[in-house]
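As structure tokens, the structure follows; a few thoughts come after it.
Each reported figure results from applying straightforward, stated rules to the coordinates on display, with no laboratory input. Being a predicted model, the structure only gives us computed values, none of them experimental. Please note: Cβ atoms are built from the backbone with ideal geometry, for glycine as well, and neighbour counts cover all protein chains shown.
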Amino acid sequence: MLFIDDLLMLPFTGFKSILQTLIKVAQEEYTDDAPLKEELINLQMRLDLGEITEEEYIETEAAILRALRDVQNRKREMAGLPPEEATGLSGKVMEGSGASLTVDLNYGPSEQREK
């Protein structure tokens, strides 16, 4: 009787197996960042060859980097980690870190500075 039950359930188990395979492939494509990295390399080559301007490069690069960040956040989400926030540049300069900043407000770009 167990053999007959297996035969009757075969279409359903086969369909379930196909769906699991499709889900696995979709998740791999959803978290694959290789095409984006390749696109970034191709973009750099196009800039080096003079096919695009610096402005076009900057706009396209920003879009690719946003997409890469989205893929990384999807990977983190699937691993159960919180997504990274896109805050840009940030940080603190602590006392004693050796960092310094000097601003000369009287010096313009067209003026020459005496040494």
For the stretch 65-70, take each phi angle, set θ = phi - 60°, evaluate the Karplus expression 6.51 cos²θ - 1.76 cosθ + 1.60, and give the result in whole Hz per residue in order, putting x for glycine and proline.
5, 5, 5, 4, 5, 4
For the stretch 30-45, take each phi angle, set θ = phi - 60°, evaluate the Karplus expression 6.51 cos²θ - 1.76 cosθ + 1.60, and give the result in whole Hz per residue in order, putting x for glycine and proline.
5, 10, 8, 9, 4, x, 5, 5, 5, 5, 5, 5, 4, 5, 4, 5
For R76 and E55, what is the calculated FRET efficiency with R₀ set at 22 Å and r taken between the beta-carbons, to the nearest 0.05?
0.10
